[in-house]
Amino acid sequence: MPLDDLSWLSLAERQRVNGMSYTKRRVEFLLGRWTAKRALATAESLPADLAELAALEILPADDGAPVAHFHGRPLARRMSLTDRAGWAVCAVSPSLVEVGCDLELIEHRTPAFAADYFTPSERNLATSAASELQWQLLTNLIWSAKESALKVLRTGLRRDTRSVEVTLGAGDGSDWTPLTVESTEGRTFHGWWRRYGEFLLTVAADQPLAVPVALEEPPALAGARPRHSWLSHPR
């Protein structure tokens, strides 16, 4: 990702990033935009040169959800962005189907966290863990799936996380494994999850979703390690 040459950003994006006071926020913004533009360029069969990437712009809708534009016009597809510990993922829908994605580290979550944010059924699932590592995996997986579904609803964490409930399909996440999320209104979100080393990635949509396809094989996340790359790039 170029950090010095920002010609791949639109004018508005350059103005926005130049106004950021904190290096961490600046680098995370650039990482997310670079990832999204490369994903969108591939999905749209566009050249990946810097000028074409500058014509791709991610703008917030009225509800804050990211909407992809090309030369000022919205694209006929939905997208979702997520980043964690120096890595970013962009999920691109093949159509106007709403999609959400979330990337999490497999790290310790306390029982108090589960009590505050999980439904009783989800808490029962988490407490069935046979080891600390499985507890970490389950609690972060449930949280991540909720985040993905709340992005599909275009509310994010403005909505009570207990208003959506996660059910996991059979599988250990070594390959794409199914999951579903039910909302209190009776809506069903179909999704997938996969483990990449110390990371968990979830994807959800408001319609049945084919197995996600990476832009490259193996995906960069396959060898990912948590990092804080912004520390080596002071403004």
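The values are calculated or read from the model by the stated rules, or taken from the named source; none is laboratory data. Computed from a predicted model, the values in this text were never measured in an experiment. Don't worry about glycine lacking a Cβ; one is built from the backbone with ideal geometry, like all the others, and counts go over all protein chains shown.
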Pairs under 6 Å by beta carbon, first residue assigned to a helix (DSSP H, G or I) in region 130-142, partner of a type in the set (Lys, Arg), six or more apart or different chains? THR139/ARG109
Only residues that are surrounded by 13 or more Cβ atoms within 10 Å (Cβ to Cβ) and at pLDDT below 90: list them for region 221-234, please. SER229, TRP230, HIS233
Within region 37-53, the residues that are buried (at least 19 other Cβ atoms within 10 Å of the Cβ) and free of Cβ contacts under 8 Å to residues at least 40 places away in the same chain are LYS37, ALA41
Within region 94-101, identify whether any single residue is among the polar types (S, T, N, Q), surrounded by 13 or more Cβ atoms within 10 Å (Cβ to Cβ) and either closer than 26 Å to ARG187 by Cβ or at pLDDT below 95 (or both), and answer yes or no. no
Yes or no: region 140-156 includes at least one residue that is touching a Leu at 6+ places or on another chain (Cβ under 9 Å) and modelled with pLDDT under 95. yes
Scanning region 12-59 residue by residue, those part of a helix (DSSP H, G or I), within 13 Å of HIS71 (Cβ to Cβ) and of a type in the set (D, E, K, R) turn out to be GLU52
What's the number of the condition ARG154 fails, among (1) surrounded by fewer than 16 Cβ atoms within 10 Å (Cβ to Cβ); (2) not polar (S, T, N, Q); (3) not in a helix (DSSP H, G or I)? (1)
Output the qualifying pairs, or none if there are none: Cβ atoms under 6 angstrom, residues six or more apart or on different chains, first residue in region 15-36 and closer than 19 Å to CYS90 by Cα, second residue small (Gly, Ala, Ser) and not in a helix (DSSP H, G or I). LEU31/ALA88; GLY32/ALA88; THR35/ALA88
Within region 102-119, how many residues are of a type in the set (S, T, N, Q) and either touching a residue at least 12 places away in the same chain (Cβ under 8 Å) or surrounded by 21 or more Cβ atoms within 10 Å (Cβ to Cβ) (or both)? 1
